[in-house]
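Below is one structure, written out as structure tokens; the observations come after it.
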Amino acid sequence: MNSVFFKPWVGKQYGQVNSIFRKKILILGDSHYTDELEVPELINDQPSSDFTTAVINDYLNEEIKGNWKSTFTKFMNSFVQGTVHENSAQEELWNSVAFYNYLQIPAGSEPRLTQHYDYSKEKDRDAFLEVLSELKPDVIISWGSKAWDAIPEDFGFGKYVPNKEFSDFFYTYPFKDVKLQVLGINHPSSAYKSSYWADVFKVAQINN
């Protein structure tokens, strides 16, 4: 993945027979809210960073506290609400998925700063497509409008087809030899209605 700086978190059960989910699920985040000085790979001019993996490991570490953790918990709790997975431990759930942030540069220390960043750059799109080729997900769940709007209409195998029931935010893309489902949701850190999205996930049958 030559264009990828923030390498994705790939749970150890992702795509494996012991995964909680039948499908390979890639969660597409927006960006890392951090200062460049907190990413030593940037300072040392290294080609990639395990920062994303470190974030998820910090989230799963109960000794580390922070309000930021509620974003990940809120999403996964609604994602498995009303399914056979709802009582599963967060560690097992997150180890069954992959997580990747679209923007490949630090986007400041606060979420509101992301409005100043350009999500249309070719390098970020190329990095995203490299992640798709590497991880081969069956489902992508995109957090927030910025990453959703940046997703191309064509992954190189034909344009997407909107879902009949959720045509504004649920598309099916031809991708190599599979049909890739892509769902755009509200970012769990802001205007996120858990019960609504839980119903969508259940009807769409993407978290079986």
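Collect the residues in segment 89-107 that are over 14 Å from the mean Cα position of the chain (by Cα), assigned to a loop (DSSP other than H, G, I, E, B) and surrounded by 14 or more Cβ atoms within 10 Å (Cβ to Cβ), keeping them in residue-number order.
Ile105, Pro106, Ala107
Out of Phe155, Phe175, Phe170, which single residue is surrounded by 20 or more Cβ atoms within 10 Å (Cβ to Cβ) and farther than 19 Å from Ser78 by Cβ? Outline the logic, then answer.
Values: Phe155 fails: surrounded by 20 or more Cβ atoms within 10 Å (Cβ to Cβ); Phe170 fails: farther than 19 Å from Ser78 by Cβ.
Every option except Phe175 fails the conditions.
Tell me, please, whether a residue that is farther than 20 Å from Asp124 by Cβ and surrounded by fewer than 14 Cβ atoms within 10 Å (Cβ to Cβ) can be found in segment 45-56.
Yes, some residue in segment 45-56 is farther than 20 Å from Asp124 by Cβ and surrounded by fewer than 14 Cβ atoms within 10 Å (Cβ to Cβ).
Out of the residues in segment 55-88 meeting the condition of being aliphatic (A, V, I, L, M) and more than 19 Å from the chain's Cα centre (by Cα), tell me which one is farthest from Ser190 (Cα to Cα).
So in segment 55-88, the residues aliphatic (A, V, I, L, M) come out as 55-56, 60, 64, 76, 80, 84.
Filter once more, keeping what is more than 19 Å from the chain's Cα centre (by Cα): 64, 84.
Values: Ile64: 22, Val84: 27 Å.
Checked segment 55-88; the qualifying residue farthest from Ser190 (Cα to Cα) is Val84.
Look at Val182 and say whether it is in a strand (DSSP E or B), buried (at least 20 other Cβ atoms within 10 Å of the Cβ) and either of a type in the set (Val, Ile, Thr) or touching an Asp or Glu at 6+ places or on another chain (Cβ under 8 Å) (or both).
Details: in a strand (DSSP E or B): yes; buried (at least 20 other Cβ atoms within 10 Å of the Cβ): yes; either of a type in the set (Val, Ile, Thr) or touching an Asp or Glu at 6+ places or on another chain (Cβ under 8 Å) (or both): yes.
Yes; evaluated as a whole, the condition is true for this residue.
Determine whether Asp126 is over 18 Å from Phe21 (Cβ atoms), not in a loop (DSSP other than H, G, I, E, B) and not aliphatic (A, V, I, L, M). Lay out the reasoning, then the answer.
Details: over 18 Å from Phe21 (Cβ atoms): yes; not in a loop (DSSP other than H, G, I, E, B): yes; not aliphatic (A, V, I, L, M): yes.
When the stated conditions are applied, Asp126 passes them.
All but one of (1) out of contact with any strand residue (DSSP E or B) (no Cβ under 7 Å at 6 or more places or on another chain); (2) closer than 23 Å to Ser19 by Cα; (3) charged (D, E, K, R) hold for Lys179; state the number of the condition that does not hold.
(1)
Every number in this text was worked out from the coordinates using simple rules, so none of it is lab data. Fair warning: this is a prediction, and the values are worked out from it, not measured in the lab. Glycine also receives a Cβ, built like all others from the backbone with ideal geometry; neighbour counts cover every protein chain displayed.
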